[in-house]
Structure formats: structure tokens, C-alpha cells
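The values are calculated or read from the model by the stated rules, or taken from the named source; none is laboratory data. What you see is a predicted model; the values in this text were computed from it and never measured. In this analysis, Cβ positions are derived from the backbone assuming ideal geometry, glycine residues included, and neighbour counts consider all displayed protein chains.
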Amino acid sequence: MSGQTSDVTVQAAPAEAPVLLERRGRAAVLTLNRPRAINALTHEMVGLLDRALRELADDASVEVVVLRGAGERGLCAGGDIVAIHRDATTGGTGSEDFWRDEYVLNALIARYPKPYVALMDGIVLGGGVGVSAHGSVRVVTERTRIGMPETGIGFVPDVGGTWLLSHAPGELGTYVALTAGHVDGADAIAIGLADHYVASGDLDRLVDLLAARPLDEALGEVTTEPPASRLLASRPWVDAGFAADDVRDVLAALRERPEPEAAEAADAVAAKSPTAVAVTLRALRGARAMGSLEEALAQEYRIVLRMLRGHDFPEGIRAQVIDKDRSPRWRPASADDVTADVVSAHFEPLEPSRELDLPHPDRTEQQ
């Protein structure tokens, strides 16, 4: 990259700062700069992004904001779940503050007053979806691998994931959420997580174009037709298999389908945390009926605070990341043993002072 690095990344040398800001012509380029961790988000990074975006919104010289990730592996591999595990097992509250600020950032991106171009190249997981898929212009490539893997660690798709996935065509979002599946660039466009397909080798050129030319002209120079979506082709059996509002009925419907992929999906769902799957399904159905992303984020915040103090979330992180034995001991271990009361408890209102109070989308947020 050329250009000047902004003082947004204070108290750190520009090359070492976790978020870099470069002004290039009419564009401001924000780079997530932790390539060895696939740019996984920290609380500091969330704060730097929030501050930068608010400053850029008021900068008349900036007409478009671009988000990209450093390195070749991906835009962002999610958040620091090791730190979350520490809070879950010690009673720490840092994760609560991180999620609150992260969700505020997600809502800011969704309502951003200038074009926000997210380059979703390579791996985009969890929190990486939150800083990209809510943007107004979402670009994927042949290397894109987007995932919301939360149910595999006893968690729920958050950062507005329940809002995004609940509004995918049919039950494709339900399928992705409950199986903790990944989608490629073509699938992402098909289910509404992305807008434009660009060859990864053309991304630097796209940034150059955005710095010099209007948005539509820049995109028109490099955008290509995406391949056919394999996920979209699966919609008939996915819609039939994931239509129910009870996980047990979903599993039964999938087992009755003749397609081998349906049986594989049932096995994938059954292997995830039964509690997390049941909570996720209810959260998706609730988000689908909501009127705004902000409502869904408030619901997610209630859920994740309960999961932080539950059993399956820290156990899932232990099994997948800490001990890496890949053998989580879910409690309860079966969908048949997850009661309605257990699921409902995750959705109960918090104390008023702890609720996520995001501005109504019809109100202009003070910058």
C-alpha cells in the first residue's frame, strides 16, 4: 500500500498497529492488521474501527470506505475466543464489554452514511462477518470461505448473524447456522451475505479504482459473474428439512429425506451443542420477524451473556481450541433433553442497565 497512515492507530507504530488507516484519493482504506491470527478481532481493534469510522463519516474528502485484511489468508477469522474462555471460566466481564462494543460497531456499519466496501477475501468467520456482511458493498472472491461456526462451540451466531441468516432465501440460512457450515463466494451472494464477485488478483486494482473513480464505475471494471451456487441448488431439500421450529422435528425431517446430503446435515446438527442448536433455531425465527438489525443484536446480546455463564460454550472452546481433543461433552447431550424452559431462559430481558440499547434505525446517530 502507498499513502499516509492516519493517527487513528495511536500509541502504536503504524506497521504494528492492529488497524491501519490509509487515505487514498477519494477513498479511506481500513486494514485489519493481525495477519498471523488471520486478523481476528480484539477489543482494541473494535474500538479503533469504531473511532475511525465515526471520524471518516464527517470527513468531506472521503467518499468511500474500504475494509480489507492484511496477509493472504483472509479478512478476519472471528474474535479472540481464548480470552472469552478465560472470562467464562473465571467470571470475568471483559467479554461482555467486548460484545457490547462489537455490536455497536456492527450497527454503525449497517447504517453507515457512506459506501462501505468490504473485501471478503479468504477466511471470513464469526466477527469477521459482523464487520463485513452488514456493509453496503460486499465483495467476495474465488478464495472466500464464510462461516458462522458457533453452534460447534456451544454458541449462537451473533454479530447480527441471526438477522443475516434468517433473511436468506427459504431455510438456507437455517441450514448454515445449525450445521455451522461454510459457504463460498457464489453461495454468499446467493444467500444475501455478499453482492459482487471479483477475482482475488483484481482486489488491489479495485482499491486503486475506488480511490480515483465513482463506486459504480470502479466495480464495473472488475466485477465478474459468480459461478453457480451449489447451496442454492440444494434449496428443495434444505427448505423441507429445516422448516420446523423444533430441532427434533428438523432432525426427523432430514432423516426422512432421500438425499444423502440431508442425512449428512442431520449428522452435523446432531453433533453440535443441543442447547446451542435449540437456542439458535429460536433466535433465527425471532430475528426473521423483527423489524431491524438492532433488535436482533439486542436479542443476541441477551443470549451470549447467558451462554458465557453456561456449560456448553466454555466446554466447546475447550474441546476445539484449548485442549483440541475435538470431543466436547455437551450437557445435556441430546436434543431430546433440552427443555423449553432452558431455551427460554436465554431470551429473558436483562437488567435495564445491562441491555444493549442501540439507537432506533429511524434516528440519526450523533457522530
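Can you tell me which condition Gly92 does not meet? The list is (1) modelled with pLDDT of 95 or more; (2) small (Gly, Ala, Ser); (3) not in a strand (DSSP E or B), and all the others hold.
Gly92 satisfies all of (1) modelled with pLDDT of 95 or more; (2) small (Gly, Ala, Ser); (3) not in a strand (DSSP E or B) except (1).
Which of the numbered conditions does Leu178 fail, given that it passes all the others? Conditions: (1) outside any helix (DSSP H, G or I); (2) buried (at least 24 other Cβ atoms within 10 Å of the Cβ).
It fails just one condition, (1).
Which one is surrounded by the most Cβ atoms within 10 Å (Cβ to Cβ) among residues in the range 254-270 that are free of Cβ contacts under 8 Å to residues at least 40 places away in the same chain and of a type in the set (A, V, I, L, M)?
Among those residues, the one meeting the criterion is Leu254.
Out of all the residues in the range 211-230, is one or more crowded, with 22+ Cβ neighbours inside 10 Å and in contact (Cβ under 8 Å) with a residue 24 or more places away in the chain?
no
Out of the residues in the range 110-138 that are out of contact with any Gly (no Cβ under 9 Å at 6 or more places or on another chain) and within 17 Å of Ala190 (Cα to Cα), which is surrounded by the most Cβ atoms within 10 Å (Cβ to Cβ)?
Of everything passing the filter in the range 110-138, Ser132 is surrounded by the most Cβ atoms within 10 Å (Cβ to Cβ).
When the residues of the range 209-236 are narrowed to those that are in a helix (DSSP H, G or I) and farther than 16 Å from His196 by Cβ, which ends up nearest to the chain's Cα centre (by Cα)?
Leu231
Of everything in the range 183-195, what is surrounded by fewer than 21 Cβ atoms within 10 Å (Cβ to Cβ) and either basic (Lys, Arg) or in a strand (DSSP E or B) (or both)? Give them in sequence order.
Scanning the range 183-195 gives a single hit, Asp184.
Conditions: (1) closer than 20 Å to Gly173 by Cβ; (2) without any contact (Cβ under 8 Å) to a residue 60 or more places away in the chain. Leu251 meets all but one. Number of the miss?
(2)
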